[in-house]
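Down below is the structure, laid out as structure tokens.
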Amino acid sequence: MSEPSERTRALWAEFRDVIGPLVGLAAVIGLFSVIGTEYYLGGDNLRLIAKHTVIVGLGAIGMTFVIVSGGIDLSVGSVIALAAVVTALAFNAGAPPLVALFCGVAAGGGCGLVNGLLVARLNITPFIATLGMLGVARGFAKYLGDNATVNSEESWLTELTTSNPEPSWLLVGPGIWLMFLLGGMMGFALRRTRLGVHTYAIGSNEATAQLCGVPVERVKLLVYVICGLFAGLAGVMSFSDLNAGDPTTAKGEELNVIAAVVIGGASLSGGTGRVASSLIGAFLMTFLINGCEDLELRNYTQDMIIGAIIVAAVALDQLRHRRRAWT
Amino acid sequence: MTGNAHEVALRMEGVRKRFGGVVALDGVTLEVERGEVHALVGENGAGKSTLMKVLSGALRPDAGEMTLGGVPFRPTGPLDARRAGVAMIYQELNLALDLTVEQNVMLGREEASFGVVRTHAMRPKVEEALSVLDQPGLRPDTRVAELAPGTRQLVEIARALVGDARILVMDEPTSSLSSEETEALFAVIERLRARRVSIVYISHFLEEIQRIADRFTVLRDGRTVGTGRVGDTSIEGIVELMVGRKLDEVFPAIDSEPGEVLLEVDRLAGVALPRDATFALRRGEILGIAGIVGAGRTELLRAIFGLDAVKSGRVRVAAAESLARATPHRRLGQGVGLVSEDRKEEGLALELSITNNLTLSRLEPYARGGVLSEARRRDAARRWAGELAIRFDHPDQPAGTLSGGNQQKVAIARLLHHDVDVLLLDEPTRGIDVGSKVQVYRLLADLARAGKAILVVSSYLPELFGICHRIAVMHRGVLSDVRPTSEWTEHELMHVATTGETAGV
């Protein structure tokens, strides 16, 4: 008899954390649809927004795991560039597009593996370990590309991030659909699998997790590998977008990725965060930047607004939690 | 007790452990029967924690035998001991606050197929464990962060139950519980006993032990100095075993004469708590504030000290009423200091050295041109530590390595070093052993004699009656009249604390 209410409660608990960022996203869209031009909510612009979100979005999916575990990955931007260069080189060396794609993803996974080993095995603070990788991966990307952009021929890889997909009923490039698909899968993994629960547990109270027999070292390692794999895939999208592997691309992108996750309501001290919320956070940022461009605001205005939004999102979240603690 | 009641669940025999030159355990024997609540008592430093670390697998003993249900037991680590059926319920809660009750209870033993957690398969187990706890508000899907602190501990017990724990070690389980929560915990302990789980119950509250425990073992200086049935022994008897001396030596003579008023609080109200508090504290006086946990006593001290906002009312320090908003900085400048009830979180910086902790609030005397003289700070730390009989190896030693009683003395020493006249002390003897309590009481008596004014918040009534000139009671944010200690009885005091009614008493 109490079964439905029990289920409703559980569903509500699942949904509750997503409401905040969703409201924020609606507010941003609402604001710019009022003060912006009619072009803003047009199909072409929405397609463009989706295309511009794919790199940060994919990065944010992986970053959510790391941040929920209480860690941080600063190397994402560099890994994206490295993966893009690796994809381009593999493709130019004659690999079929799919193999080139996997090479890019694997390069990201490799960086994540090193990050994970440094953090989980050698107990190096995530901030430092991944700061090191930020430098190494960027340098390695430049070395591989001989300090220049690696241009490639067109292939279906280029179509991943297109705004005009074939067939046209796809509306947006297959890369964007891939992001949603993987986002759904990883969201499920974080909420419903043992790995996911253990990730939350480590971020919430590592000592307890250890004591309860959670394989802390392995989970941490996996979390960084996941983040690396997604950064790798984001690198493939960068390659797709530019039709080239640019070793200088995505500089500072890790901060946008972290911002998306934080806007989505995750705490940098670990234990909270959702993949769906992070994706909403990523979209919120693109809608915001795009809206500023729509209004022809200067670049520096956008930077300031984004900065303010990040702080505001966290402040609002704090208020919400304080209120909950009172009631 | 029925049938095979005297079946031994755990036996530790001749357990020895030394750290460098210090002998922590010197041949301890502990025997716990199945389905009994066995109280383990002793001063801090007596070896209780070390013994429990040996039991829980965190430490390997140098010598001695352990058997669990008659089978030799040599845990290789905490996880191993847990799997063998020894579960610790720690003072510092071991919960992942962001996870749900169910996720916490099943942490590390989730049932999953292809990595996907099978909530439905685990639910009956969780429900069964929760049913033992019998808390209507405790649902599997509730996030632990949303539970009251007192309820959180029960989640740990549920975790132990799901893990088929045979020995449950509870370390000061009631130290941060309200009286209602304590009752709920005792009810749970009764049910656990009925399920033939053995409980090793560590507590400084001997009244509790008398109520809940079947037998007790007393440790002193790393040795078992006594064991017996609780029903056959008086509290005084247990205390005398613990401290190795007579009880009337516990409370010092309070012979200081109160002088002029140093702190005057007039109809003080905070944002939520306190709601109405009026009293005057005199030089050389120890004033006690009783009340149940959550009545607003801590908030009263915080409001006086300028940590919490004041909504209405006045605080006057030594006749100099400052119009500026009170801040801890201003209050310290006026000679008012606070020692928090929460040593770990607020009272001390446990990672910092004794020297740093002691001198942190007043560094000016050691600075020349902005550069601190470490040598002189260390000397000062040594001097104060000596004066308060703080036991330590070196002034650079982290405060966290001291025993609870010595940590408390460092916190008080900091105020004295700051040369305050008014000391606001929140539960100054919480979680410290009887021997250290005695030292803290003596220290307070000495301070009062030296002309300090002391406000003591305490939940331990005998202590208030033992050291205070006058006592007031707080009930739901409202402070009662202040009366001389001799005009209160424990019964009256509890009556006011729980009902707020003073009329007719």
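Remark: the stretch B:8-248 projects, on average over all directions, an area of 14.0 nm² (convex hull of Cα atoms). Compare the Cα positions of B:Leu372, B:Ala399, B:His418 along the charge dipole of the stretch B:370-418 (+1 at Cβ of Lys, Arg; -1 at Cβ of Asp, Glu; about the Cα centre) and return the one farthest towards the positive end. It is B:His418, whose Cα lies furthest towards the positive end.
Magnitude of the Cβ-charge dipole of chain A, K/R +1 and D/E -1, about the Cα centre, nearest 20 debye? Mind showing how you got there, number by number?
Working: 20 positive and 23 negative charges, 266 e Å.
Value, rounded to 20: 1280 debye.
Return the percentage of antiparallel bridges among DSSP beta bridges fully within the protein assembly as shown, rounded to the nearest 5 %.
Numbers: 47 of 83 bridges.
In the protein assembly as shown, approximately 55 percent of DSSP beta bridges are antiparallel ones.
Ordering B:Val132, B:Leu79, B:Gly228 by the projection of their Cα atoms onto the charge dipole of the stretch B:8-248, which places +1 on the Cβ of Lys and Arg and -1 on the Cβ of Asp and Glu, puts B:Leu79 at the extreme positive end.
Working note: 222 nm ellipticity from helices only, DSSP H runs with n ≥ 4, each -39,500 (n - 2.57), summed and divided by the residues of chain A, gives -25000 deg cm²/dmol to the nearest 500.
As a proxy for reagent exposure, ranking B:Phe392, A:Phe230 by other Cβ atoms within 10 Å from fewest up yields B:Phe392, A:Phe230.
Overall form of the stretch A:53-187: oblate. Here a/c, set by the Cα gyration tensor axes a ≥ b ≥ c, is 1.5 or more, and a/b is not larger than b/c.
FRET efficiency for the pair B:Arg330 and A:Asn147, taken as 1/(1 + (r/R0)^6) with r the Cβ-Cβ distance and R0 = 60 Å, rounds to 0.50. Largest GNM mean-square fluctuation across A:Leu221, A:Leu316, A:Leu171, computed for chain A with C-alpha springs under 10 Å, falls on A:Leu316. By its C-alpha gyration tensor, with a ≥ b ≥ c as the square roots of the eigenvalues, how is chain A shaped: rounded for a/c under 1.5, else prolate for a/b larger than b/c, else oblate? The shape class here is oblate. Every Cα-Cα pair of the stretch B:115-191 was included, and the share exceeding 17 Å stands at 46 percent. So which of B:Lys53/B:Lys125; B:Lys311/B:Lys409; B:Lys53/B:Lys344; B:Lys48/B:Lys437; B:Lys17/B:Lys344; A:Lys51/A:Lys251 end up more than 23 Å apart, counting from Cα to Cα? Violating the 23 Å Cα-Cα cut-off are B:Lys53/B:Lys125; B:Lys311/B:Lys409; B:Lys17/B:Lys344. In this entry, the stretch B:344-419 is assigned a mean projected area of 4.6 nm², taken as a quarter of its C-alpha convex hull surface. Placing unit charges on the Cβ atoms only, positive for Lys and Arg and negative for Asp and Glu, gives the protein assembly as shown a dipole magnitude near 900 debye about its Cα centre.
From other protein chains only, count the Cβ atoms within 10 Å of every residue's Cβ in A:206-219, then give the mean. It would help to have the intermediate numbers written out before the result.
Details: counts 1, 4, 13, 5, 4, 13, 14, 9, 6, 1, 0, 0, 0, 0.
Shielding by partners across A:206-219 averages 5.
Please work out, to two decimal places, the log10 of the ratio I(q)/I(0) at q = 0.07 Å⁻¹ from a Debye calculation in which every Cα of the protein assembly as shown carries one identical scatterer. Here log10 of I(q) over I(0) equals -0.68. Averaged over every viewing direction, what's the projected area of the C-alpha convex hull for chain B? Give it in nm², one decimal, please. So the mean shadow area of the Cα hull is 27.2 nm².
Net charge in the neighbourhood of A:Ala250 (other residues with Cβ under 12 Å of its Cβ; Lys, Arg +1, Asp, Glu -1) is -2. Which of the chymotrypsin sites (Phe, Trp or Tyr not before Pro) found in the stretch B:27-117 are loop residues per DSSP with 14 or fewer other Cβ atoms within 10 Å of their Cβ? Sparse-neighbourhood loop chymotrypsin sites (Phe, Trp or Tyr not before Pro): B:Phe114.
Test of understanding: ordering A:Cys292, A:Cys212, A:Cys227, A:Cys111 by Cβ neighbours within 10 Å, fewest first, what list do you get?
The order, fewest Cβ neighbours first, is A:Cys292, A:Cys212, A:Cys111, A:Cys227.
So, counting K/R as plus one and D/E as minus one, what does the shell of residues with Cβ under 9 Å around B:Ala165 add up to? Residues near B:Ala165 contribute +2 overall.
Only Lys, Arg, Asp and Glu count, each charged at its Cβ (+1, +1, -1, -1), so figure out the dipole size of the stretch B:360-425 about its Cα centre, rounded to 20 debye. Display every interim value, and only then the final one.
Working: 10 positive and 8 negative charges, 19 e Å.
That gives a dipole near 80 debye.
Between the listed residues B:His38, A:Ala282, B:Gly288, the Cα displaced farthest toward the positive end of the dipole of the protein assembly as shown, a dipole computed from Cβ unit charges relative to the Cα centre, is found at B:His38.
Count charges around A:Ala129 for me, please; just the other residues with Cβ under 13 Å from its Cβ, Lys/Arg as +1, Asp/Glu as -1. Value of the local net charge: +1.
Among A:Trp177, A:Trp12, a tally of other beta-carbon atoms within 10 Å of each Cβ gives an order, fewest to most, of A:Trp12, A:Trp177. With an a/c value of 1.5 or above and a/b not larger than b/c for the gyration tensor axes a ≥ b ≥ c computed over the alpha-carbon atoms, the stretch A:117-169 is described as oblate. Mean residue ellipticity, 222 nm, helices only, chain B: the sum of -39500 (n - 2.57) across DSSP H runs of n ≥ 4, divided by residue count and rounded to 500, is -9500 deg cm²/dmol.
None of the figures in this text is laboratory data; all of them are computed from the coordinates on show. Keep in mind that what you see is a predicted model, and the values were worked out from it rather than measured. Note: ideal-geometry Cβ built from the backbone for every residue, glycine included; neighbour counts use all protein chains shown.
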